[in-house]
Amino acid sequence: MSALLADDGTVIPLEVDRWHAAPSLEELVVLDRASPPVLDVGCGPGRHVLALAERGVMAMGVDASPAAVRLARSRGAPVLERSVFGRIPQAGRWGSALLLDGNIGIGGDPTALLRRVAVLVRRGGSVLVEVEATWEPGRIVDVRLSHEGVLSPVFPWALVSAGDIDAASASAGLVVDDSWVGGSRWFVALVHR
């Protein structure tokens, strides 16, 4: 089992099997809302990038994990190995950015992440975000990735709820345009005004 182990004792299960599977029906609904070109932030094995490419939609992934990038590339997904806070081609021209599978937590500062993504997306573009399926306040935690008994170094992670997204997005110059529930997962569409 893979999980994020938080400093407060919380165990955040990671759905590795899902990340290697084709996108679910709920995720396909999100991809239907994405305007090209699409940037998948924290793309992992590249399943959303590949699904978009199969539809003829120009998309690219970015992930800081060398293992994830190798896997995505071996599957034929165009992916860059780097942090979203690094140099990203076509900055300010992306039609949409994806922050799915908890990736709003990257860096432990959702406002900083959304500010960065807002710079990458063109005016009128969208940021499609998966949030925690609760209205309870989220939190910032220090976590370790646990995979097959091996622990990573500590890194910051954010748990962002549906109740948190308005404040985080507003300070990034993004506006909540829509929100919806797909199965047990909650999604929000933000627009860069």
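Couple of notes before you dig in:
- Each Cα pair under 8 Å and six or more residues apart adds its separation to the average, and for the chain the resulting relative contact order is 20 percent.
- Placing +1 on the Cβ of every Lys and Arg and -1 on the Cβ of every Asp and Glu, with nothing else charged, gives region 4-86 a dipole about its Cα centre of roughly 420 debye.
- Packing rank of 70-76, 48-54, where each peptide gets the mean count of other beta carbons within 10 Å, highest leading: 48-54, 70-76
- According to the Kirkwood relation over distinct C-alpha pairs, the hydrodynamic radius of region 90-193 is 14.0 Å.
- Helix-derived mean residue ellipticity, 222 nm - over the chain, DSSP H n ≥ 4, -39500 (n - 2.57), to 500: -6500 deg cm²/dmol
- Counting protein heavy atoms only, region 100-193 has 55 percent of its accessible area on carbon and sulfur, 1.4 angstrom probe.
- Chain lengthening between VAL150 and ARG82 when straightened (0.36 nm per residue, less Cα-Cα): 22.2 nm
- Efficiency of FRET from Cβ geometry, ASP7 and TRP135, R₀ 22 Å, rounded to 0.05: 0.40
- Principal axis analysis of the Cα atoms in the chain yields extents of 41, 39, 34 Å, listed in decreasing size.
- Since only GLY102, VAL121, VAL154 are under comparison, the one whose Cα sits farthest along the positive direction of the charge dipole of the chain, derived from C-beta charges on Lys, Arg, Asp and Glu, is VAL121.
- Loop-located chymotrypsin sites (Phe, Trp or Tyr not before Pro) in region 131-185 whose Cβ has at most 14 other Cβ within 10 Å (DSSP): TRP135
- Per residue, the accessible area of the chain comes to 47 Å², computed with a 1.4 Å probe over protein heavy atoms only.
- The charge dipole of region 49-122, taken about its Cα centre with unit charges on the Cβ of Lys, Arg, Asp and Glu (plus for the first two, minus for the last two), comes to roughly 260 debye.
- Computed over the chain with a Gaussian network model linking Cα atoms closer than 10 Å, the most mobile of GLY105, GLY44, GLY163 is GLY163.
- Evaluated with a Cβ-only charge set (Lys, Arg +1; Asp, Glu -1), the chain carries a dipole of roughly 940 debye about its Cα centre, given to the nearest 20.
The values are calculated or read from the model by the stated rules, or taken from the named source; none is laboratory data. For clarity, every value in this text was computed on a predicted model and none was experimentally measured. When we count neighbours, we look across all protein chains shown, and the Cβ atoms used for this are built from the backbone with ideal geometry, even at glycine. The protein model used for the area step is the full one, side chains on, heavy atoms only, and it has no ligands, DNA or RNA in it. Shrake-Rupley method; radii C 1.70, N 1.55, O 1.52, S 1.80 Å.
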